[in-house]
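The values are calculated or read from the model by the stated rules, or taken from the named source; none is laboratory data. As the structure is a prediction and not an experimental result, all values here were calculated from the model. Cβ atoms come from the backbone with ideal geometry, glycine included; neighbour counts cover every protein chain shown. Just so you know, the surface numbers come from the protein's heavy atoms only, side chains and all, with ligands and any DNA or RNA stripped out. Shrake-Rupley method; radii C 1.70, N 1.55, O 1.52, S 1.80 Å.
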Amino acid sequence: MRYKVNRIGFVNFWLYDEEDFYFYDGKLLLRGTNGSGKTVTMQSFFPLIFDGNKSPERLDPFGSRDRKIEDYLLSDGVNENTGYLYMEFYSKEDNKYLTIGIGLKAIRNRPTDFWGFSITDNRRIGEDFILFKERNLRIPLTKKELQTRIGSGGDFVDNGKEYKKMVNKLLFGYPNIDLYSEFI
C-alpha cells in the first residue's frame, strides 16, 4: 500500500492551540517572513513524529541543545500542558487513511511524559476522532483517555522505542530498527 502525507496537525504545541497543515499530492508549501516560525515548526515536527526522539539537539533547527521539548508545551505562566502532534497519510488506490501521532505531557521541572499512537481503521482526527475530551471543549485527552478512544482501531505505545518500531512497521517496513534509524 502506498501512502502519501495528507496533513499534519498540532494540538497545544508551540504556537498552535489547534492547527492542521494540508498537503497537496504529498507536498506542502509554507510561506512567511523570516523569523515567522516555518523552520522551527517543521524542524520540531518531522524528526519527532517519525521516531519519537525528543532530545534537544533533534528539536533545534540549528542543532544546539538549547531547545527542550517542554519549551514547545509550556509558555510563560503555564506549568502543565498536554499536547499532540499527528501525521495523516492517504492511499488513493485503497481509499484508506492512516494516522501516526504522539502525545506529550509537560509539568514544569519534571520529565515530559511521552506516548505514541496510530489510527488504522480509517477514522480521521477532527472528523470522527477527536483529541479533546469533548468536541466543543479544548481540553486534550489524557494518555489513558486516548488509549481507550483508540480501542481496537489502532495501536497505542507508551515509549519512544516502541513508537519507532510501530511507525517503521506501518509505513516503511525496514527489516530491523537499526536500518530504520539510519533512514531517519
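For Trp14, the residues 5 or more places off, or on other chains, whose built amide H falls under 5 Å of its own are Leu73.
Modelled this way, with points 7 Å down the Cα-to-C-beta line, the labels at Lys169 and Glu134 are 3.6 nm from one another. Restricting attention to the stretch 1-123, lysine pairs at least eight places apart or on different chains and with alpha-carbon atoms under 22 angstrom apart total 12.
Heavy-atom accessible surface of Trp14, to the nearest 10 Å², is about 80 Å², with a 1.4 Å probe and all protein chains retained.
Summarising the amide proton neighbourhood of Leu141: residues at separation of 5 or more, or on other chains, whose placed amide H is nearer than 5 Å comprise Phe132, Lys133.
In order along the stretch 136-143, the Karplus-derived 3J(HN,Hα) couplings, from 6.51 cos²θ - 1.76 cosθ + 1.60 at θ = phi - 60°, round to 8, 9, 9, 9, x, 4, 6, 4 Hz, and Gly and Pro are given as x.
Go ahead and run the numbers for FRET between Leu15 and Glu93, Cβ-Cβ distance against an R0 of 45 Å, rounding to 0.05. Could the numbers behind the result be given before it?
Numbers: r = 36 Å, r/R0 = 0.80.
With R0 = 45 Å, the Cβ-Cβ based efficiency is 0.80.
Computed from phi, the 3J(HN,Hα) profile of the stretch 170-184 under the Karplus parametrisation 6.51, -1.76, 1.60 (θ = phi - 60°) reads 6, 10, 10, x, 5, x, 8, 5, 5, 5, 5, 4, 5, 4, 5 Hz, with x in place of Gly and Pro. On the principal axes of its alpha carbon atoms, the stretch 1-118 extends 47, 33, 24 Å, with the longest extent given first. Placing +1 on the Cβ of every Lys and Arg and -1 on the Cβ of every Asp and Glu, with nothing else charged, gives the chain a dipole about its Cα centre of roughly 80 debye.
Relative protection proxy for 4-11, 141-148, 99-106, from highest mean packing down: 99-106, 4-11, 141-148 (other beta-carbon atoms within 10 angstrom). In order along the stretch 4-21, phi translates into HN-Hα couplings of 10, 5, 9, 6, 10, x, 10, 10, 6, 10, 6, 8, 10, 6, 7, 8, 10, 10 Hz, rounded to whole numbers, per the Karplus curve 6.51 cos²θ - 1.76 cosθ + 1.60 with θ = phi - 60° and x for Gly and Pro.
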